[in-house]
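The values are calculated or read from the model by the stated rules, or taken from the named source; none is laboratory data. Fair warning: this is a prediction, and the values are worked out from it, not measured in the lab. Cβ sites come from the backbone with ideal geometry, for glycine too, and all protein chains shown count toward neighbours. Ligands, DNA and RNA are excluded from the accessible area calculation, which covers all protein heavy atoms including side chains. Shrake-Rupley method; radii C 1.70, N 1.55, O 1.52, S 1.80 Å.
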Amino acid sequence: MSKYYAFKSLEGLLEVFLDKVVQLKAERLQILEGVNRLDDIARLSGEGGDVTDEIGEWFAAHNQWLNEDVLKVGDAGRIDRILTEIKNGLTVSSGDSAASRKIESEINRWSELAGAGDGRLTLRREPEQKIDTEIDSMVMFDNALEGARDLYHDLQGGKQHVLSVLDDALRRAVLQKNKQALILSAFMIYYLKHNGYLMEPFIKRLKEAERIQKEDLTIA
Amino acid sequence: MLNQSEKAYCQALLALKNKDYQAATEFFDRAAPYFKENKEFNLLRETNRLLIAVKEKLATADHEEIELEETIPYGQETELR
C-alpha cells in the first residue's frame with residue numbers, strides 16, 4: 001500500500017471514529033445544544049436586548065422536552081436558572097408588553113414542569129415510598145461501607161504502610177474516576193489526620209480527584 | 001450562565017457532527033483550560049488534531065500526484081514512481 005493510501009485509510013478511520021462518538025452522544029448533544037442556545041439568549045437579555053422572539057422560538061422548538069422526560073435533573077436545574085435570569089431581564093428590556101407577559105407565564109410553566117431537580121423528585125414520591133427510601137439509604141450506606149472495605153483490601157496488596165494504600169486509592173479515583181475510591185480516600189484522610197499525620201498534599205489530590213469526577217458528570 | 005469552556009466543548013461536538021474539523025479544533029482549544037484533565041475530551045481533541053494533520057498531508061500528496069501526472073508525456077512515469 002502506498003503512503004497516500006495509508007493516509008487515506010487513516011483519514012477514513014478517524015472520521016468514522018469521531019462520527020460514532022458524536023452518534024453515541026446525539027441525544028445528549030441535542031440537549032446541550034438547546035441549553036447552549038438558551039444561555040446565548042440569556043446573555044443577550046443580560047446585555048439589554050429584547051429577546052421576546054428568540055425565547056418564543058426556543059420554547060416552540062424545545063417544548064417536547066417536557067413531555068418526553070429526556071432532561072436530567074442537572075439539565076432541568078440549569079434551564080430553570082437560565083430562564084429565571086431571562087425572566088428577570090424581560091421586564092427591563094421589553095417593558096410590560098403582552099408578549100413579555102406571555103413569555104413570563106411560559107417561563108413559569110417551564111419552571112413548574114421541569115422543576116429544579118430535588119423538588120421534582122419529592123413531589124412524585126408517595127408516602128409509603130419514603131419509608132422504603134430511608135431503608136434503602138441505610139442498606140446502600142452499608143453496602144458502600146462494605147465496598148470500601150473490599151476496595152481497601154484489594155489495594156492493600158503487599159504494601160507496608162496505610163499511606164501507600166491511600167496513594168493507590170487516590171490514583172484510582174483520578175485515573176478510573178472510581179467514586180468508591182474517592183470516598184475511601186476521603187475516609188482514610190480523615191482518619192489519618194486525626195492520628196496526627198500531615199495530610200495537606202493528600203487533601204489537594206482528593207480535591208483534584210473530586211473535581212475531575214464532577215467534570216465527567218457535567219459532560220456525561 | 002453556562003461556563004464558557006462547557007459551551008465551547010458543546011460547540012466542538014456540534015462542529016464534529018457537521019464534520020467541520022477545523023472549527024472543532026478552535027472550540028476544543030477554548031474548552032481546554034477547563035477540561036484538560038478529562039480523558040474523553042483529550043481523546044476527541046487529539047483525534048481531531050490528528051485527522052486535520054492527515055488531511056493536510058493528503059492535500060499535499062494530492063498536489064504532488066498532479067505534478068507527477070504532468071511528467072507522464074515525457075515517458076518517465078516508471079522512474080518517478
Name the residues in the stretch A:5-40 that are under 30 Å from residue B:59 (Cβ atoms) and of a type in the set (Val, Ile, Thr), would you? A:16, A:21, A:22
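With the requirement that a residue be under 15 Å from the mean Cα position of the chain (by Cα) and open to solvent by 50 Å² or more (accessible area, probe 1.4 Å), what does the stretch A:50-73 give you? Step through it out loud before you land on a result.
Quick first cut of the stretch A:50-73, residues under 15 Å from the mean Cα position of the chain (by Cα) only: A:70-73.
Result: A:72, A:73.
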Checked the stretch A:149-191 for anything open to solvent by 50 Å² or more (accessible area, probe 1.4 Å) and within 18 Å of residue B:37 (Cβ to Cβ); matches are A:171, A:172, A:175, A:176, A:179
All conditions in (1) in contact (Cβ under 8 Å) with a residue 60 or more places away in the chain; (2) away from chain B (no Cβ under 14 Å) are true of residue A:74 except (2)
Could you check residue A:211 against (1) within 14 Å of another protein chain (Cβ to nearest Cβ); (2) surrounded by fewer than 16 Cβ atoms within 10 Å (Cβ to Cβ); (3) over 18 Å from the mean Cα position of the chain (by Cα); (4) charged (D, E, K, R) and say which number it fails? (3)
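What helices (runs of 4 or more DSSP H), lying completely within chain B, carry at least 1 residues that are within 11 Å of chain A (Cβ to nearest Cβ) and either at pLDDT 85 or above or open to solvent by less than 20 Å² (accessible area, probe 1.4 Å) (or both)? Even if it seems obvious, please write down each step before you answer.
Details: elements: B:4-17, B:21-35, B:39-71, B:77-80.
Helices (runs of 4 or more DSSP H) meeting the threshold: B:4-17, B:21-35, B:39-71.
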Looking at the structure I just gave you, is residue A:74 in a loop (DSSP other than H, G, I, E, B) and touching a Ser or Thr at 6+ places or on another chain (Cβ under 9 Å)? no
Out of curiosity, is residue A:47 assigned by TED's automatic domain parsing to the domain that holds residue A:102, out of contact with any His (no Cβ under 9 Å at 6 or more places or on another chain) and open to solvent by 20 Å² or more (accessible area, probe 1.4 Å)? yes
